[in-house]
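Derivation of every value follows stated rules applied to the coordinates shown; laboratory data play no part. It should be emphasised that the depicted structure is a prediction, and the values quoted were computed from it without experimental measurement. Cβ sites come from the backbone with ideal geometry, for glycine too, and all protein chains shown count toward neighbours.
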C-alpha cells in the first residue's frame with residue numbers, strides 16, 4: 001500500500017500546525033506533548049492495517065492480558081526524529097539470526113533493524129539483553145540512522161512497513177503502574193514520530209518475554 005501525495009501533504013500540514021502551536025523556543029528533536037491531537041484518519045487506517053501484520057505480538061499481549069484491545073490505543077504525542085547518523089553499511093547478512101527480521105523499505109531505500117542493538121544472540125539457546133533499544137535505519141546511501149531510542153524501561157518488540165513512507169514499531173514501557181504496550185508510527189523522510197499509548201498497565205507481563213520467545217533456539 002502506498003501513500004498518495006495528498007495524504008503525505010495532509011500529514012505534513014497536520015504536523016506543521018502541531019509544531020507551530022508549540023512554544024517557539026523548543027529545539028528540533030525536543031518532545032512535543034500533544035494529548036489533545038486528533039488522529040489523522042489515514043494514519044488510523046494505516047495503524048489498523050499494521051496491527052493485522054503483527055499478530056504474534058498481539059496474541060502474546062492478549063495471552064497475558066485478555067482485556068488487551070487494539071482499539072484502546074490513543075495518540076499521545078508527536079515527536080521530531082533526533083537525527084543521529086554515521087557512515088555504516090548494514091552488517092546483518094544471511095546467516096545472522098537477525099536477518100529474517102530485517103525490514104526492507106518497500107522501494108529499496110534502506111533496511112530497518114530493531115533487534116541487534118538490544119539483543120546479544122545466544123550461543124547456548126537463550127538470548128541476552130542489553131538495557132537499551134534502538135530502531136536503526138541502514139539507508140541505501142550507506143548511512144546508519146537512529147530513528148528511535150528507548151532506555152532500560154522499555155523495548156521495541158516488532159515492526160512493519162505500512163507503506164513507502166511510514167513504519168510501525170510496537171513494544172512496551174514500564175512505569176510505577178506496570179508494563180504498558182506502546183506503538184510508534186515513524187516517518188523517516190518527514191522526520192516525524194507519532195506515539196500511541198494503551199491504558200493497560202500489566203503487573204504480570206514479562207518485559208523480555210516476547211523477545212525471549214522469538215529468539216530462543218532449541219539446542220540439540
Label-point separation (nm) for residue 72 and residue 216, each offset 7 Å from Cα along Cα-to-Cβ? 2.6
Alpha carbon convex hull of the range 91-220, volume per residue in cubic angstrom: 114
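Could you give the length gained on full extension between residue 132 and residue 53, defined as 0.36 nm per residue of separation minus the Cα-Cα distance, in nm? Don't skip to the answer; put the middle values down first.
Values: separation 79, 0.36 × 79 = 28.44 nm, distance 2.51 nm.
Residue separation times 0.36 nm, minus the Cα-Cα distance, leaves 25.9 nm.
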Over the Cα atoms of the range 145-197, how large are the radius of gyration and the largest Cα-Cα distance (Dmax), in Å? 11.6, 37
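What is the calculated FRET efficiency for residue 146 to residue 208, with r their C-beta to C-beta distance and R₀ = 30 Å, to the nearest 0.05?
According to the calculation, E is roughly 0.90.
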Report the calculated FRET efficiency for residue 62 and residue 82 (r = Cβ-Cβ distance, R0 = 35 Å), to the nearest 0.05. 0.60
